[in-house]
Every structure is written in C-alpha cells, then in structure tokens.
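See below for the structure under consideration.
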Amino acid sequence: MKTVFVTGAGRGIGLAAARLFLGDGFRVLALDRDFSACDLPKTAERITYDLQHLDGIAALVARLGEIDVLVNNAGTLYCHPHDAFPTEDALEIITVNLRAPVALIEAVAPQMKKRKAGRIVNVGSVAAFTGHPDLWYGATKAGLLNITKSYAGFLGKDGILVNAVAPGPTLTAMYEQLPQSRKDAVMRSVYSGRPCSPDEVAQTIFWLGTAAPAYISGATLDVNNGSYPR
Amino acid sequence: MTGAARGIGRASAEALREAGCKVIGLDREKSGEGCDVVYDLTDLAGIRRLVERLGEIDILVNNAGVQTAVSIDRYTDEQRARILRVNLEAPVELIRALSPRMLARRSGRIINLASVAAYTAHTDVWYGVTKAGVISFTRTFAAQLGPHGIQVNAVAPGPIDTALLKNAQPERIEALMRQVYTKRAGKPEEVADTIRWLALEAPPIINGAVVDITDGCFLR
C-alpha cells in the first residue's frame with residue numbers, strides 16, 4: 001500500500017485530494033491545523049499540526065513511516081492592503097506557504113532517495129504569474145513554483161518527481177476571502193464562467209502524484225480555464 | 001490523430017486505442033497499421049473536405065510536425081513554406097474544420113503538439129516559431145471554444161526518442177540533453193500518456209494549458 005501525505009487536508013483542495021487518494025487505496029496522512037470542517041473517513045490518519053512550527057517538522061515526518069507522495073497543499077492568505085500589512089501575518093504566509101513546504105521536502109527526501117522513487121506535488125497558484133491583492137500570497141506562490149524547479153533538479157537523478165499545479169481561483173474558503181474586485185476579474189476571464197472546483201484541482205494533483213509519466217518533472221500544470229494565464 | 005504512423009503520434013494512437021477510442025490515424029504515407037488516412041497536410045485546401053468525410057470526431061490530436069534542422073542562412077523558401085503549413089496552418093485548418101460539429105455537440109477535446117522549442121532560441125528558427133505559434137493558437141481556440149464546452153490544450157515535450165530528435169542539429173540535441181535531470185530522452189509513450197490524460201481524463205477546468213514534458217529541460 002502506498003502512502004500519501006497531504007498538508008492542508010482539512011478542507012478545500014487538500015480535502016478533495018486526500019479523498020481521491022483514499023479512494024485509490026492509498027494510506028492517507030492528512031495534516032491540518034484545524035479539522036473542524038473535515039469529513040474525511042476515519043481510514044485517513046489525521047495529524048493536527050500548525051506548519052508555522054518549522055522546527056518540529058523533521059521529527060513529525062520521522063514518525064510517519066514511508067511516504068511515497070507528498071502534497072504540499074497547505075497555504076495561507078490574508079489580503080491586507082500592501083501598505084498596511086502586519087509583519088506577523090506576512091511572516092505567517094512566508095512560513096506556511098514557502099518555508100514549511102521546503103522543510104517537508106527536506107524531511108521526506110532522504111527516504112525517497114533511498115527508495116529511488118517518490119513524487120512531490122506543490123500547490124501553487126495563478127497568483128504566481130500576476131500581481132495579487134495579497135502581496136505575500138502572490139510572492140510566496142511564485143516562490144513555490146521556483147522551489148518546485150530547484151527540487152526537481154536536486155532530486156531528479158534519484159528518481160523523484162517534483163511538480164506543481166497552478167490553480168486559478170477555486171471555490172474554497174480562501175476564495176471567500178478575496179476582494180470582490182478580484183472575484184469579478186476572475187469571472188470576466190474564465191472561459192466557462194465559473195471558478196475552479198476543488199475536485200478538479202485534486203484530480204490534477206492525483207494524476208501528477210500517481211500516473212503522470214516520469215518525464216514530467218519540474219513542471220507547473222495550469223488549472224485555470226483562462227483566468228490569469230502566464 | 002495526425003502524424004499517426006510513427007513516434008509520438010503512433011504511441012498516442014495506441015494509448016487511445018487501448019483506452020477504448022476508435023482512432024483515425026492520418027499520415028502522409030502509408031506505413032504499418034497506424035495510418036488509416038493518407039494525406040499530406042501541406043494541402044491546406046483539401047482539409048475541410050477530408051474532415052467532412054470522417055464523421056463525428058470527439059478528440060483531435062494535432063500531432064503532425066516537421067523540423068527542417070537547417071540554419072537560417074540555408075533555409076529555402078520551400079522548406080519555410082512546408083514547415084509553416086504542417087506545423088501551424090494545417091492544425092489551425094483542422095480545428096476550424098472540426099470545431100463546428102464539436103460546438104454543435106457542446107463537447108470536444110483538442111490537443112496540440114507544442115515543444116520546449118517554443119520557449120527559447122532554436123537552431124531551426126521556423127521550428128521554434130511554429131511551436132510558439134502552436135501555444136498561441138491553443139490559447140486562442142481555448143478562449144473561443146472554451147465557453148462552449150470544448151477543451152483545447154497543448155503538450156510541450158523536451159527531447160523525445162523519435163526520428164525528429166535523431167534528425168535535429170547536433171548542437172540542439174546537446175543543449176537539450178545537458179539539462180535533463182535523468183540524462184535520458186523521453187519515451188514517445190510518456191507523451192502519449194499525457195495526451196491520453198488530456199484527451200480523456202483531465203478535468204474540464206484545464207483549458208488553454210500547456211503541459212511541459214521535459215524532465216527539467218528549458219523550464220519556463
């Protein structure tokens with residue numbers, strides 16, 4: 001049985017992804033800081049953890065056993081004005097969206113290298129390609145896509161695939177946080193007149209985490225339906 | 001499936017056939033089992049009539065492509081005309097000819113073969129230009145047909161073990177192989193798997209996308 005580790009699995013895209021892997025027979029390790037909105041079956045192992053605690057990540061991963069697929073999905077967004085962004089919140093975004101994924105990759109990489117196999121999927125955003133109302137959200141998502149390429153290079157010769165998805169605005173709790181102007185812009189640009197569904201992003205993550213050919217690595221797959229294309 | 005007799009087209013035709021599709025393979029010369037329709041895509045004027053007699057088509061894979069592999073100072077007018085026709089004009093003509101029936105059914109999937117050649121300098125100038133053009137028309141048709149339930153996406157392979165790669169200029173091959181993580185060329189089957197996913201499984205929200213199949217080569 002293969003194991004997938006999904007962060008931010010308590011809701012939205014992460015929850016949908018965890019459900020897909022569960023349905024495919026994976027052992028699912030679901031991490032979130034809050035599972036109150038989570039309806040994952042008991043067969044998924046819930047790990048309540050706040051990824052701001054970077055120092056504990058290595059020890060956490062060490063007790064989880066073999067991990068075949070890591071989905072770095074957890075992310076934070078605030079949408080404060082750029083000229084009044086509390087430092088504390090900026091640091092939280094940078095920690096959760098950038099530093100925690102790096103810590104997680106570093107923690108799982110040695111065992112993946114040993115097995116000469118492993119897949120890592122990072123959840124970016126179209127925010128990486130354009131400006132974003134939340135300065136630090138956009139900046140960290142752009143950073144995460146860059147990290148995807150760096151680690152694809154670091155780990156590629158050991159048979160580890162590192163890819164990303166870049167969803168357009170997706171109907172999750174985070175979408176509700178967006179300013180109306182951003183939502184209007186989304187609806188003007190998408191071809192199909194609707195935002196992404198979490199399940200559609202999850203299907204893409206699932207493909208990259210399971211069946212996508214080995215020659216796809218370092219890539220970012222756009223799941224955007226025409227909104228904010230690069 | 002255009003260019004179905006060999007390489008990526010042949011592997012993709014097989015992958016789709018295995019997945020239960022009835023595949024109509026087009027190629028310019030009859031070779032093996034892959035070719036159901038012999039047609040030279042430089043004959044743009046005949047494309048509409050050709051498509052009319054093929055019946056309902058749910059999935060179009062614009063795979064046929066040529067590379068001249070000569071430097072710009074040696075490019076002949078004929079070579080330029082040919083690559084522009086096969087790589088750019090013919091796929092657009094095929095989409096124009098097929099899309100009315102897809103629009104009528106409000107469904108259809110189109111997959112175009114781009115290349116990492118689209119993103120950077122290329123030793124075959126018109127190859128790079130045409131592949132960049134493929135990405136452009138992929139997005140244009142995604143925008144035009146997307147609101148009506150049609151998905152138009154592209155794949156951008158890096159070095160794939162095909163006749164086209166063997167025929168490429170040596171300095172081009174070297175530039176590609178220097179970058180790939182695993183020091184190997186990709187297999188046609190790997191591109192075929194991606195095409196099959198885009199053709200049959202990819203969620204509807206993936207539209208206007210280009211999937212890079214490069215193992216680290218010319219990452220954008």
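Inside the range A:8-57, can you point out the residues that are of a type in the set (Gly, Ala, Ser), surrounded by 14 or more Cβ atoms within 10 Å (Cβ to Cβ) and farther than 20 Å from A:Arg119 by Cβ?
A:Gly10, A:Gly12
Across the range A:214-230, which residue is modelled with the lowest pLDDT among those that are open to solvent by 30 Å² or more (accessible area, probe 1.4 Å) and at the interface with another protein chain (Cβ under 9 Å from one of its Cβ atoms)? Quick ask: steps written out before the conclusion?
Initially, the range A:214-230 is screened for residues open to solvent by 30 Å² or more (accessible area, probe 1.4 Å), giving A:214, A:228-230.
Subset that is at the interface with another protein chain (Cβ under 9 Å from one of its Cβ atoms): A:214, A:229-230.
On the way: A:Ala214: 98, A:Pro229: 80, A:Arg230: 83.
Taking the candidates together, the pick is A:Pro229.
Kindly provide the set of residues from the range A:95-151 that are part of a helix (DSSP H, G or I), hydrophobic (A, V, I, L, M, F, W, C) and within 21 Å of A:Phe21 (Cβ to Cβ), ordered by number. Talk me through it step by step, then tell me what you get.
Taking the range A:95-151 first, the residues part of a helix (DSSP H, G or I) are A:95-115, A:126-128, A:135-151.
Those left that are additionally hydrophobic (A, V, I, L, M, F, W, C): A:96, A:98, A:100, A:102-105, A:107-109, A:112, A:126-128, A:135-136, A:139, A:142, A:144-145, A:147.
Result: A:Ala100, A:Leu104, A:Ile105, A:Ala107, A:Val108, A:Ala109, A:Met112, A:Leu144.
Wholly within the range A:1-70, which strands (runs of 3 or more DSSP E) include no fewer than the required count, namely at least 3 residues that are free of Cβ contacts under 8 Å to residues at least 60 places away in the same chain?
So the answer is A:27-32, A:45-48.
Look at B:Leu41 and say whether it is open to solvent by less than 20 Å² (accessible area, probe 1.4 Å) and over 18 Å from the mean Cα position of the chain (by Cα).
Here the answer is no, as B:Leu41 does not meet what is asked.
Scan the range A:163-186 and tell me whether some residue there is at pLDDT 95 or above, within 10 Å of another protein chain (Cβ to nearest Cβ), within 20 Å of B:Tyr181 (Cβ to Cβ) and crowded, with 19+ Cβ neighbours inside 10 Å.
yes
Given B:Gly32, B:Gly46, B:Gly9, which one is over 13 Å from the mean Cα position of the chain (by Cα) and not in a loop (DSSP other than H, G, I, E, B)?
B:Gly46
Looking at B:Glu56, B:Glu78 in this structure, which one is surrounded by fewer than 16 Cβ atoms within 10 Å (Cβ to Cβ) and part of a loop (DSSP other than H, G, I, E, B)?
Result of the check over B:Glu56, B:Glu78: B:Glu56.
Among the residues of the range A:40-60, is there at least one that is of a type outside the set (A, V, I, L, M, F, W, C), under 13 Å from A:Gly10 (Cβ atoms) and modelled with pLDDT under 95?
The answer is no, given that none of the residues of the range A:40-60 is of a type outside the set (A, V, I, L, M, F, W, C), under 13 Å from A:Gly10 (Cβ atoms) and modelled with pLDDT under 95.
For the range A:196-213, how many residues are part of a loop (DSSP other than H, G, I, E, B), surrounded by fewer than 23 Cβ atoms within 10 Å (Cβ to Cβ) and either more than 9 Å from every other protein chain (Cβ to nearest Cβ) or touching a Lys or Arg at 6+ places or on another chain (Cβ under 9 Å) (or both)?
Residues flagged as part of a loop (DSSP other than H, G, I, E, B), surrounded by fewer than 23 Cβ atoms within 10 Å (Cβ to Cβ) and either more than 9 Å from every other protein chain (Cβ to nearest Cβ) or touching a Lys or Arg at 6+ places or on another chain (Cβ under 9 Å) (or both) within the range A:196-213 amount to 2.
May I ask you to say which residue of B:Leu145, B:Leu198, B:Leu164 is more than 28 Å from A:Asn146 (Cα to Cα) and modelled with pLDDT of 95 or more?
B:Leu145
Just to be sure I understand the filter: pairs with C-beta atoms under 8 Å, separated by 6 or more residues or on different chains, first member in the range B:196-220 and touching a residue at least 40 places away in the same chain (Cβ under 8 Å) and open to solvent by 10 Å² or more (accessible area, probe 1.4 Å), second member part of a helix (DSSP H, G or I) and among the acidic types (Asp, Glu). Which pairs pass?
Final answer for the pair search is B:Pro204/A:Glu200.
Taking the stated definitions as given, is B:Lys183 open to solvent by 10 Å² or more (accessible area, probe 1.4 Å) and facing chain A (nearest Cβ under 10 Å)?
yes
Just checking, which of A:Asp83, A:Asp89 is open to solvent by 50 Å² or more (accessible area, probe 1.4 Å) and in a helix (DSSP H, G or I)? Give the steps one after another, and end with the answer.
Details: A:Asp89 fails: open to solvent by 50 Å² or more (accessible area, probe 1.4 Å).
Only one candidate qualifies: A:Asp83.
Considering only the range B:135-158, state which residues are within 23 Å of B:Arg80 (Cβ to Cβ), among the aliphatic types (A, V, I, L, M) and touching a residue at least 60 places away in the same chain (Cβ under 8 Å).
B:Ile135
The values are calculated or read from the model by the stated rules, or taken from the named source; none is laboratory data. All values derive from a computational prediction rather than experimental measurement. No Cβ is skipped: glycine too gets one built from the backbone with ideal geometry, and neighbour counts run over all protein chains shown. The area values use the complete protein model at the heavy-atom level, side chains included, leaving out ligands, DNA and RNA. Shrake-Rupley method; radii C 1.70, N 1.55, O 1.52, S 1.80 Å.
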